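Student: Encoded as structure tokens, here's the structure I'll be asking about.
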Amino acid sequence: MIQEGERAPDFALKDADGKTWTLSDFRGKTFVLYFYPKDNTPGCTTEACSFRDRYAEFKQRGVEVVGVSADSEKSHKSFAEKKNLPFILLSDPEKKTIEAYGALGEKKLYGRTFLGIIRSTFIIDGDGIVKKVFPKVDPADHAREILDIL
């Protein structure tokens, strides 16, 4: 997993509307980059809604929120519309960015081990440097936890 103080890996991923975003699009701004397993699942919905409910606080601090999963652009669009998510959701179906940040790893569910997306978050400054890493996240309280640090 990428560590605090390291340069954030570049990416080029599409959002729900098909617009491509790169790391350089956030130059000069601090942003929160969070990785989550799947749209419309209980934990991921809880996490996304916690960011939604506190999004105005992030914007007041000049901080953008960006979510990334392997779901399709169409899935992101549906998820964002259904849950009124005001922030950017990026699609990484090949999981290259997810892997570059170290958010792909071994998970266990119902006694089964598999390779999956590890719920994790990175605060990245305007120079592209990782300022804070959250390697494991409590979806319900995560937005507040980040705001306490910002």
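The values are calculated or read from the model by the stated rules, or taken from the named source; none is laboratory data. This one's a predicted model, so the numbers in the text were calculated from it and none came from an experiment. FYI the Cβ positions are ideal-geometry reconstructions off the backbone, even for glycines, and counts take in every protein chain you see.
Student: Which condition number does T22 fail, the rest of (1) under 21 Å from F134 (Cβ atoms); (2) under 14 Å from the mean Cα position of the chain (by Cα) being met?
Tutor: Every listed condition holds for T22 apart from (1).
Student: If I go through the stretch 85-125 residue by residue, how many of them are among the small types (G, A, S) and under 15 Å from F11 (Cα atoms)?
Tutor: Within the stretch 85-125, residues that are among the small types (G, A, S) and under 15 Å from F11 (Cα atoms) number 4.
Student: A further question on this structure: Of the residues P42, P93, which is under 21 Å from D138 (Cβ atoms) and either modelled with pLDDT under 95 or surrounded by fewer than 18 Cβ atoms within 10 Å (Cβ to Cβ) (or both)?
Tutor: Among P42, P93, only P42 is under 21 Å from D138 (Cβ atoms) and either modelled with pLDDT under 95 or surrounded by fewer than 18 Cβ atoms within 10 Å (Cβ to Cβ) (or both).
Student: If you scan the stretch 6-47, which residues turn out to be touching a Ser or Thr at 6+ places or on another chain (Cβ under 7 Å) and over 15 Å from V66 (Cβ atoms)?
Tutor: P37, K38
Student: For the stretch 25-39, enumerate the residues that are surrounded by fewer than 17 Cβ atoms within 10 Å (Cβ to Cβ) and under 15 Å from the mean Cα position of the chain (by Cα).
Tutor: Matches in the stretch 25-39: K38 only.
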